[in-house]
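Peer 1: The structure follows.
Bear in mind these aren't lab numbers, they're just calculated from the coordinates by the rules spelled out. What you see is a predicted model; the values in this text were computed from it and never measured. FYI the Cβ positions are ideal-geometry reconstructions off the backbone, even for glycines, and counts take in every protein chain you see.
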Amino acid sequence: MKHTKKLLSLALAGAMVLSLAACGGDDTKPSETPSQTPAAEAVYKAGTYTAESLGMNGPVKVEVTVSGTAITDIQIDASVETESIGGVAADPMKTKILDAQSTEVDTESGATLTCNAIKAAVQKCLDEAMGKEAPEAAGYQAGTYEASVKGHNGEMTVAVTFDDASITDVQVKDHTETYGLGYGLKTSPVETMGPAIVEAQSLAVDSVTSATVTSNAIKQAVAECVTKAGGDAEALKSAVVEKSAPADETFDVDVVVVGAGAAGLSAAVTAREAGANVLVLEKTGVTGGSTTRSGGKILGAGTSTQEAQNFTDTPDMMYDFLMSYDRDGIMNEDLVRTFCDASAENIQWLVDRGVQIQDVEPIHSSLTPWRVHNVKGGGGQTSGHGGQFCVPLTKTYEDAGGQILYNCPATELITDAAGAVVGVKAEKADGSKITVNAPAVILATGGYAHNEEMLAKYNDFLPTNVYSGVPMTNVGDGLNMAVAVGAKNFDAPGLQLVYVSYDCYCGINEESGLIVSEDGDRVVDEWTYQSHVAQALADADSTCGYYITASKDGKCVEPYPTLAGGIQIESVPHAATIEELAAQIGMDGAALKATVDRYNELCAKGSDDDFGKPAEYMIPVEGDTYYAFRMTPGSSVTFGGLEIDTGAHVLDTNDQPIPGLYAAGEVAFTGLFDAEYPCCGMAIGSAVYYGRVAAQNAVTGE
């Protein structure tokens, strides 16, 4: 049964309210700024001036208009910045500078880099208006200097070497960035930002798209080293970087793959190994997509890893498990069966191309036999290990002579008079147009987790505060391009959800205590896989959940380490009674008290008559202090999308294959999932497999 559709916003941007008060009195000293001293001598040459300075994601541009004595207007273009962070800083900064008639103003909280760029660019305009010549490039005190800055995952140390006139070397020495994203690829920022800065002798070099935090951390560290060496970091932030003129290009290939995540890379490798001339179009500056940000898990049955760990599993068992989630009857038995039968060979194919499988685990003790395979370094509910898939596949493809065009999003599918897909149009970052002529196009563009309009349109239940860790570039463009040429798009009943507490991370591990909806109701057997718990909360139209527990004499009554640490966090709601706790979280006290009393009654009975949770996990919520851990929804997979057959052909609205068009991965998850995500590793496993199938058929023309 579908829920009432809610048109809600995914990304929430906080609006800063400025309160500006002016006080005066008879003994107040008059301001000496030109705008407030009518008789003051002109300090500016009236006119409009432009400048830019490096912000968080790229150059922030300003246009400043001055009269002879005052700054009269400021126009700020911060469109390169993250909209909800730096993007909202422009208007407040404009107001502050105009009111103060100076760039010596406070920055906006949380947007320091953007604000400093605005201030620096405005000051350049004012300096020009006052006739100050731009300073010549400063020399350096030769030597090697180090700076430590915050990267994406933690501290990063960068060493910069100078001679007396230039930057000669940049080395990222220590860091904890994500493999396959921040480092590990030819195009990752750890590998590319240093050489780019040295070549350009500028800090205005482009950041790596999809790895901007790491890129900008490196630039920040270099700027600090420039200052230590006696140089002018601000001058380097606006130093012109020479770029080649935009030029349109046309490519004629056998197969073009759109997107370079697990599905796209698997397709590209397969097609290239079959002897095809292959071109990959990647929207960002690195390969990997959502896969790199994942925990690095893949599903398989009857594998050598399972055998080595003494687990008996078969494709039939895996198929039965997956199909048990088909509550709405929308899963495609053939797609699921074909994947299950090939799952062991699928993993071996990856191993043969450099992927290291570490071990197999259950993810949750309710899921047996163990069939979730971890890549090297993975295990448990972690993220950022998926690069162990994508780096080897990228290397395999490039070593075989494959070509990737980075920062080159596809914009349109090309069709012939008969409706067959015969190529792709794309556009590079510099605005130049790309035309790729190919008899076979494979779409592997991922989902639409960051497209608010599509989320609202295709999902029956969508909490306003859902968080997604997938790339911001996942906006459903491949799906929309295919629909434009007649492809069938299935409106799935939901998206993969998990409700997790960011205080102690309960909700994604083994914690199995009392979980209630935002109305205070118990809705599920808590000793089940995270997606099942999440789906129950979603079915209850609950935009959040709460994990309710207790402590006695300062010790948590449940044996889970995460909770033991969580109850020590002062900001976590806690109280001496359930009713007081409910008041703190905006919940009806009587409702929560009734739920807790019923749960404790079942615990004492030793039988969960309501939801069937095993008795050993029924621990009463009793103690001298009670806690409520808010569980916020998150998502990494969107369901539905294009419909494909077992040959990965994209189907039209009449369920017929569209000639020349194939798809794999999240863009075409219709039939592989219902409303609930069954197990970690299903998305990556099926993406790899059907990417390979798509390539095999694209090469042969089948």
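Peer 1: Work out the P(r) tail for the stretch 344-439: percent of alpha carbon pairs separated by more than 19 Å, whole number.
Peer 2: Percent of Cα pairs beyond 19 Å in the stretch 344-439: 63.
Peer 1: Calculated FRET efficiency, residue 646 and residue 432, Cβ-Cβ r, R0 35 Å, to nearest 0.05?
Peer 2: Given R0 = 35 Å and the Cβ-Cβ separation, E is 0.35.
Peer 1: Considering every Cα-Cα pair within the stretch 37-129, what fraction, in whole percent, is farther apart than 15 Å?
Peer 2: Numbers: 2317 of 4278 pairs.
Result: 54 percent of Cα pairs exceed 15 Å.
Peer 1: While we're here: Could you work out how far apart the two model spin labels at residue 600 and residue 327 are, taking each label as a point 7 Å from the Cα in the direction of the beta carbon, and quote it in nm?
Peer 2: Result for the modelled spin labels: 3.0 nm.
Peer 1: Among all lysine pairs in the stretch 225-327 that are eight or more places apart or on different chains, how many have alpha carbons less than 29 angstrom apart?
Peer 2: Here the count comes out as 5.
Peer 1: While we're looking at this one, here's another question. On a straight-distance basis, which aspartates and glutamates could pair with residue 376 in a cross-link, Cα separation under 17 angstrom, same-chain partners fewer than 8 positions away excluded?
Peer 2: 177, 352, 359, 361
Peer 1: How about residue 457: which lysines have a C-alpha closer than 23 Å to its C-alpha, ignoring those fewer than 8 places off in the same chain?
Peer 2: Here the lysines satisfying the reach criterion relative to residue 457 are 2, 5, 6, 488.
Peer 1: Using Cα atoms only, what is the angle between the long axis of helix 90-100 and the major principal axis of the chain, expressed in degrees (0 to 90) to the nearest 10?
Peer 2: That works out to roughly 30 degrees.
Peer 1: Just to confirm the filter: which GluC sites (Glu not before Pro) across the stretch 97-186 are DSSP coil and have at most 11 other Cβ within 10 angstrom of their Cβ?
Peer 2: The qualifying sites are 104, 133, 136.
Peer 1: For the stretch 546-669, evaluate the Debye formula with one uniform point scatterer on each Cα (no solvent term) and list log10 I(q)/I(0) at q = 0.10, 0.16, 0.21, 0.23 Å⁻¹, rounded to two decimals.
Peer 2: -0.53, -0.78, -1.21, -1.34
Peer 1: Restricting to lysine pairs 8 or more places apart or on different chains, what number in the stretch 37-129 have Cα atoms under 18 Å apart?
Peer 2: The number of close lysine pairs in the stretch 37-129 is 9.
Peer 1: Right, here's the next one. For the chain, what number results from the quotient of the Cα radius of gyration and 2.2 N^0.38 Å?
Peer 2: 1.07
Peer 1: Kindly put 82, 577 in sequence by how many other C-beta atoms sit within 10 Å of each C-beta, fewest to most.
Peer 2: Ascending Cβ contact count within 10 Å gives the list 577, 82.
Peer 1: Next question, about the same structure. Under the rule of -39500 (n - 2.57) per DSSP H run of 4 or more residues, summed and divided by the residues of the chain, what mean residue ellipticity at 222 nm is obtained, to the nearest 500 deg cm²/dmol?
Peer 2: Theoretical 222 nm ellipticity from helices: -8500 deg cm²/dmol.
Peer 1: If you take the alpha carbon radius of gyration of the stretch 143-237 and divide it by 2.2 N^0.38 Å, what ratio comes out, to two decimals?
Peer 2: The stretch 143-237 yields a ratio of 0.97.
Peer 1: Okay, next question. What does the charge count near residue 434 come to, summing +1 for each Lys or Arg and -1 for each Asp or Glu among other residues with Cβ under 15 Å from its Cβ?
Peer 2: Neighbour charge sum, excluding residue 434 itself: -4.
Peer 1: Now a separate question. Helix 589-605 against the longest principal axis of the chain: what's the angle in degrees, Cα atoms only, rounded to the nearest 10?
Peer 2: The angle comes out near 40 degrees.
Peer 1: Viscosity 1.567 mPa s, temperature 4 °C: give me the Stokes-Einstein translational D for the stretch 227-334 in µm²/s, with Rh taken as the Kirkwood radius over C-alpha pairs. Walk me through the intermediate numbers first.
Peer 2: Working: Rh = 19.6 Å.
For these conditions, the coefficient is 66 µm²/s.
Peer 1: Nearest 10 degrees, 0 to 90: what angle lies between the long axis of helix 189-200 and the longest principal axis of the chain (Cα atoms)?
Peer 2: Between helix and principal axis, roughly 20 degrees.
Peer 1: Cross-link partners among aspartates and glutamates for residue 605, C-alpha distance below 17 Å, same-chain residues fewer than 8 apart left out?
Peer 2: Cα-Cα hits under 17 Å: 525, 597, 616, 622.
Peer 1: For every other residue with a beta carbon closer than 14 angstrom to the beta carbon of residue 448, add +1 if it is Lys or Arg and -1 if Asp or Glu, then tell me the sum.
Peer 2: Net of charged neighbours comes to -3.
Peer 1: Based only on other Cβ atoms within 10 Å, what is the fewest-to-most ordering of 323, 193?
Peer 2: With the fewest neighbours first, 323, 193 line up as 323, 193.
Peer 1: Given a Förster radius of 56 Å and the C-beta distance between residue 400 and residue 555 as r, what FRET efficiency does 1/(1 + (r/R0)^6) yield to the nearest 0.05?
Peer 2: 0.45
Peer 1: What relative contact order, as a whole-number percentage, does the chain give when Cα pairs under 8 Å and 6 or more residues apart are counted?
Peer 2: Result for the chain is 14 percent.
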